[in-house]
Amino acid sequence: MRLDVFFTPLVVRPSDTSGRLVAIVDVLRASTTVATALGNGAKTVIPLEGAEEVISRSKEFARSQILLAGEQKMHPITGFDLGNSPQAFKPKVVEGKTILITTTNGTRTLLGVQGARDIVIASYVNFTAVLAMMKVAASSNTDIAIICAGEEGSFTLEDAACAGRYVRAIPKRADSVHVNDAASASVLIERKYGENIAKLFKESSHGQALQAAGFGDDLVAAAKVDSYPVVPIYQERQITKLGPERAR
Ligand code: MLT
């Protein structure tokens, strides 16, 4: 089987995702926000291309059923209910709601995936839950692609390190798993930081930008490994959590 990492969505071809388990990683902050929202009881998260799409889609719902969320240049979009700060997606805010969200890199990366068998949203806060699904895929020889959302087409340290944590943790029987060079490199990056995710964020440019913009609490939330043990799965243009009411 193949276990490949892609450091930006720009290098992903349809053949890299077709038939595979695909994990989208946008640690800062879209993946973390989606896992937090679903972990705190949101009914579903609908990722959309931009603010206009969020507004036009919102017209299909009763206003009380939905929350409009997302960021532009890290900041909440004017008139929306929420930005992209994970800890704002509290149970009392999101419980039972459909969240329409747009973000600069994370939601667009997700919307670009073609032909996957399953698409899941991965981060530190739901690391072990998503890893369990990857392990099942690996044990049945299903190829895995981990796509880092990156930043406007560029590499980001935090997504690469989180991808490396998955690559390291997936059991590899001798000669049965073939990894690409980006997967090998992601493991080297992950090894450098290990459990010191705060240091990783401190050294990453998007981590620095979020800190400077006043979103330091988001970095703390995003570093809490397994704080939201959910598997957010993207099917039929919406993200819900795997569980008794949603099997794959
Ligand atoms: C994105 O999707 O680009 C991000 O999650 C940016 C952010 O909100 O920090």
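Of the helices (runs of 4 or more DSSP H) lying entirely inside region 157-248, those containing at least 1 residues that are among the aromatic types (Phe, Trp, Tyr) and closer than 29 Å to Thr44 by Cβ are 157-169, 197-203.
Would you check if there is a residue in region 148-159 being under 20 Å from Thr32 (Cβ atoms), open to solvent by 40 Å² or more (accessible area, probe 1.4 Å) and in contact (Cβ under 8 Å) with a residue 60 or more places away in the chain? Scanning region 148-159, I find at least one residue that is under 20 Å from Thr32 (Cβ atoms), open to solvent by 40 Å² or more (accessible area, probe 1.4 Å) and in contact (Cβ under 8 Å) with a residue 60 or more places away in the chain, so the answer is yes.
Just to be sure before I move on: is Pro91 under 14 Å from the mean Cα position of the chain (by Cα) and open to solvent by 20 Å² or more (accessible area, probe 1.4 Å) in the structure I sent? Steps first, please.
Details: under 14 Å from the mean Cα position of the chain (by Cα): no; open to solvent by 20 Å² or more (accessible area, probe 1.4 Å): yes.
For Pro91, the condition - under 14 Å from the mean Cα position of the chain (by Cα) and open to solvent by 20 Å² or more (accessible area, probe 1.4 Å) - is not met.
Of the residues making up region 57-113, those that are without any contact (Cβ under 8 Å) to a residue 24 or more places away in the chain, in a loop (DSSP other than H, G, I, E, B) and within 24 Å of Gln211 (Cβ to Cβ) are Thr78, Gly83. Taking first residues from region 213-228 that are free of Cβ contacts under 8 Å to residues at least 60 places away in the same chain and partners that are assigned to a loop (DSSP other than H, G, I, E, B), no Cβ contact under 7 Å between residues at least 6 apart in sequence or on separate chains turns up.
Within region 177-191, the set of residues being touching a residue at least 24 places away in the same chain (Cβ under 8 Å) and either within 16 Å of the ligand (Cβ to nearest atom) or surrounded by 14 or more Cβ atoms within 10 Å (Cβ to Cβ) (or both) comprises Val177, Val179, Asn180, Ala182, Ala183, Ala185, Ser186, Ile189, Glu190. Only one of the listed residues (Ser85, Ser31, Ser58, Ser64) is among the polar types (S, T, N, Q) and open to solvent by 50 Å² or more (accessible area, probe 1.4 Å). That residue is Ser64. Could you list, in sequence order, all residues of region 197-211 that are among the small types (Gly, Ala, Ser) and within 12 Å of the ligand (Cβ to nearest atom)? Hits for region 197-211 are Ser204, Ser205, Gly207, Ala209.
Test Ile24 against the stated conditions and say whether it is part of a strand (DSSP E or B), closer than 30 Å to Phe6 by Cβ and away from the ligand (no atom under 12 Å from the Cβ).
no
If you go through region 103-123 and keep only what is modelled with pLDDT under 95 and more than 16 Å from the ligand (Cβ to nearest atom), you end up with just Gln114. Gln87 meets the conditions (1) closer than 27 Å to Leu3 by Cα; (2) at pLDDT below 95 in every case but one. The failed one is (1).
With the structure loaded, tell me whether Gly106 is at positive phi, surrounded by 17 or more Cβ atoms within 10 Å (Cβ to Cβ) and within 15 Å of the chain's Cα centre (by Cα) or whether it fails that test. So Gly106 does not fit the description; no.
Just wondering, is there one or more residues in region 36-43 that are part of a helix (DSSP H, G or I), more than 15 Å from the ligand (Cβ to nearest atom), of a type in the set (A, V, I, L, M) and in contact (Cβ under 8 Å) with a residue 60 or more places away in the chain? Checking region 36-43: at least one residue is part of a helix (DSSP H, G or I), more than 15 Å from the ligand (Cβ to nearest atom), of a type in the set (A, V, I, L, M) and in contact (Cβ under 8 Å) with a residue 60 or more places away in the chain.
The values are calculated or read from the model by the stated rules, or taken from the named source; none is laboratory data. As the structure is a prediction and not an experimental result, all values here were calculated from the model. Positions of Cβ are generated from backbone atoms using ideal geometry, with glycine treated the same way; all protein chains shown enter the neighbour counts. When the accessible area is computed, the model is the full protein with side chains, heavy atoms only, and any ligands, DNA or RNA have been set aside. Shrake-Rupley method; radii C 1.70, N 1.55, O 1.52, S 1.80 Å.
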